[in-house]
């Protein structure tokens, strides 16, 4: 009897030691940078979306959903922000005074005239996670209705969005 020739062995694939390893950010090991954004003549929703992504840290390769990996964002000139279409007249924001019959509505035009920072913060808040981590991320957003801000000591970098 003749023996059958042995089947050729499959080549062994070896990966580098670092391949397939995921880096997970840990609290306290994340570098939070400071950025300044000028909101003059920018569209409210588009700017709020970009700022929310930066606050969450989704632009970083080390992004981890349960850790705050985002940066500090200083938004200037929120009074000069724009909206498209007829939103300025049609959009209304609800509020409640905690008195009986104290529910009210305020149009966007009136809110932008009185409190432009609040309008931008509300837009960003609704794009962040709805939990304690989202509140922590929102705390890194600093809005001002004009060019002046008290964060010069942090040496924020200019950011074009």
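A few remarks follow.
- Computed from Cα positions, the angle between helix 116-125 and the longest principal axis of the chain comes to roughly 30 degrees.
- When the helices of the chain are scored as -39500 (n - 2.57) per DSSP H run of n ≥ 4 and the total is divided over every residue, the value at 222 nm lands at -7000 deg cm²/dmol.
- Cβ-Cβ distance of residue 132 and residue 88, R₀ of 35 Å, FRET efficiency by 1/(1 + (r/R0)^6): the value works out to about 0.55.
- In degrees, nearest ten, helix 44-56 long axis to first principal axis of the chain (Cα): 50 degrees
- Span from the region 27-76 Cα centroid across to the region 99-161 one, whole angstrom: 13 Å
- Antiparallel DSSP beta bridges within the chain, as percent of all bridges there, nearest 5: 30 percent
- Computed lengthening from residue 53 to residue 106, 0.36 nm per intervening residue step minus Cα-Cα distance: 16.3 nm
Read the figures in this text as sums done on the coordinates, not as results from a lab. None of these values were measured; they are calculated from a predicted model. Cβ coordinates were reconstructed from backbone atoms using ideal geometry, including for glycine residues, and neighbour counts include every protein chain displayed.
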